[in-house]
1. So, in segment A:56-65, of the ones that are touching a strand residue (DSSP E or B) at 6+ places or on another chain (Cβ under 6 Å) and within 8 Å of chain B (Cβ to nearest Cβ), which residue ends up surrounded by the most Cβ atoms within 10 Å (Cβ to Cβ)?
2. When only residues in segment B:350-399 that are outside any helix (DSSP H, G or I) and among the polar types (S, T, N, Q) count, which is nearest to the other protein chains (Cβ to nearest Cβ)?
3. Among the residues of segment B:269-276, is there at least one that is assigned to a loop (DSSP other than H, G, I, E, B), within 24 Å of residue B:55 (Cα to Cα) and among the hydrophobic types (A, V, I, L, M, F, W, C)?
4. In this structure, is residue B:287 among the aliphatic types (A, V, I, L, M), under 30 Å from residue B:35 (Cβ atoms), touching a strand residue (DSSP E or B) at 6+ places or on another chain (Cβ under 8 Å) and in the same structural domain as residue B:229 (by TED's automatic domain parsing)?
5. Could you go through segment B:294-317 and let me know if any residue there is of a type in the set (Asp, Glu) and within 30 Å of residue A:57 (Cβ to Cβ).
6. Taking segment B:101-156 as the region of interest, how many residues are touching a residue at least 60 places away in the same chain (Cβ under 8 Å) and touching a Cys at 6+ places or on another chain (Cβ under 6 Å)?
7. Can you pull out every residue in segment B:329-347 that is among the aliphatic types (A, V, I, L, M) and facing chain A (nearest Cβ under 10 Å)?
8. When you look at residue A:23, is it more than 14 Å from chain B (Cβ to nearest Cβ), farther than 24 Å from residue B:349 by Cβ and free of Cβ contacts under 8 Å to residues at least 12 places away in the same chain, yes or no?
Amino acid sequence: MALYSDVIRDRFRKPRFRGAVEQPDVSAEDVNPLCGDRVRIQGRLAGGRVAEARWSGDCCAISAASADVLLEMMEGQPVSRAAQLTTASLLERLDSDIRPSRMKCVALPLTVLQAALGSEVRG
Amino acid sequence: MSLGEKTRRDFPILSRTVNGHPLVFLDSAASSQKPIQVIEAVEHYYRTSHANVHRALHTLGEEATERYEAARDAVRAFIGAASREEVIFTRGTTEGINLVAQAIGRTLRPGDEIVVTEMEHHSNLIPWQMACRDRGAVIRAIPVVGEGYLDLDGYARLLSPRTRVVAVAHVSNVLGTINPVARIAEEAHRAGAVVLVDGAQAVPHLPVEVAALGADFYTFSGHKMLGPTGIGVLYGRREIIERLEPAWGGGEMIKEVWIDRAQWNDLPWRFEPGTPPIAGAVGLHAAVDYLGKLGMGQVMAHEQALTAAALEALAPIPGVTLYGPRNPEMKGAVVAFNVDGLHPHDGAALLDQRGIAVRAGHHCAQPLMKRLGIVGTLRASFSVYNTAEDVARLAEAVAALRGDL
């Protein structure tokens, strides 16, 4: 498995969920203490589901790809689903040989999403 | 044969491969590799002479003490200190700065000022923040201007009778700028302040004569200058450290002890509580001998040529931004750069895939990153064992970076 899988390269070059949500219902931002990278996630909710979500920020390709597949996984899903997601579910989607030193890059968007949705942050 | 080609065979690690490529090690500013002479000196010490130093009445203890104190003499000569009493062994640069910041910190009064620079490594900033916080003192910073030089007019305006300490890097670990330490010290002394110089990025790369620089304290690490980890040096000018209370207590730093008080030991042991890094000192001795044999003037010329070649090779690559002075004679063996659209951590990971080790991130200099308006940089740094071929492989890989992702 490559360090930068096709999924990561593709999402880095052509993110599908990068941007902002007009009049968001929820929003959160956090920083990766390792590198100072910043990820912000905004979302619009409807009927207990994530109707629309977008991410923005200054971050590496791994965080960017992680944020992008995360929001794809969450779109249309019940808000409660966010609490069930783990970095393992993201790693599966990213299909990449992520080193321990970069695991925080994968985890950051999930932490931000869970904070945005006010759900419990799981380890 | 260049100095790099001649010396690299002394460094066993350089013959290994990384991710299927011959290793190109360009992260010596973080920690240098070790020549066989240093590795064998440490091994020989452990095999033949190890025991605790000082107060030992047996042969091994005497041998260990001899080696430990011989290392002090070698370091004294290497950095041009006036006497061995001025050479204090520490665990590294960070400990040296903390020692001074805590010892002087206890004498700070509310409103006293510590002058640092915007280009300091966190290790020459946080200890001062802690000292100031505890005593109601204030930190001021000399601005960084232009290509990465200190604003010396701004510095002059910062100095006042309230200035107690001026703490400055000799060479920036990001920009590579060689700061005019002698002039900075002279002006600080005129204002009645003491001067601490963080020499971590200078001693491994250029001739340093601490007495001539006028520094009151000068501190550096063994592991960045071909020596082992866990050993460092704090030079302290005798008139200053004679009057300085020790920062930390313990065995070894005392002459006589009662239950409620103690009499301090002589210099330099007064500042070396506990069992010191003996093997580290032995290894540092070997490193100092190694560098001394090469000649620090030769080392500097060799690394400046590599820095010049790297600046020249990287500058024309599309999307590359260089940080720090463009004149290689004004800088140490460090080249910081970014590639447009590429996070430095991704850049470093991709270079590692090609066997090239560089540093990426904020380099423990977040205030400087904020000043430059960036999250971080890539950083290639050189040592005695690097060659023109290393620079060529770096430039080739950097040119390919954007296609790699």
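1. For segment A:56-65, the residue satisfying everything is A:59.
2. So the residue we want is B:377.
3. Here is the first cut: in segment B:269-276, the ones assigned to a loop (DSSP other than H, G, I, E, B) are B:272-276.
Going one step further and asking which of them are within 24 Å of residue B:55 (Cα to Cα), we end up with B:272-276.
Filter again for among the hydrophobic types (A, V, I, L, M, F, W, C), leaving none.
No, that holds for no residue.
4. It is false that residue B:287 is among the aliphatic types (A, V, I, L, M), under 30 Å from residue B:35 (Cβ atoms), touching a strand residue (DSSP E or B) at 6+ places or on another chain (Cβ under 8 Å) and in the same structural domain as residue B:229 (by TED's automatic domain parsing).
5. Looking through segment B:294-317, none of the residues is of a type in the set (Asp, Glu) and within 30 Å of residue A:57 (Cβ to Cβ).
6. Selection size over segment B:101-156: 2.
7. Hit for segment B:329-347 is B:342, nothing else.
8. Judged against the criteria, residue A:23 is not a match.
The values are calculated or read from the model by the stated rules, or taken from the named source; none is laboratory data. Note that the structure is predicted; figures quoted are calculated from it, not measured. All Cβ positions, even for glycine, are placed from backbone atoms using ideal geometry, and neighbour counts span all protein chains on display.
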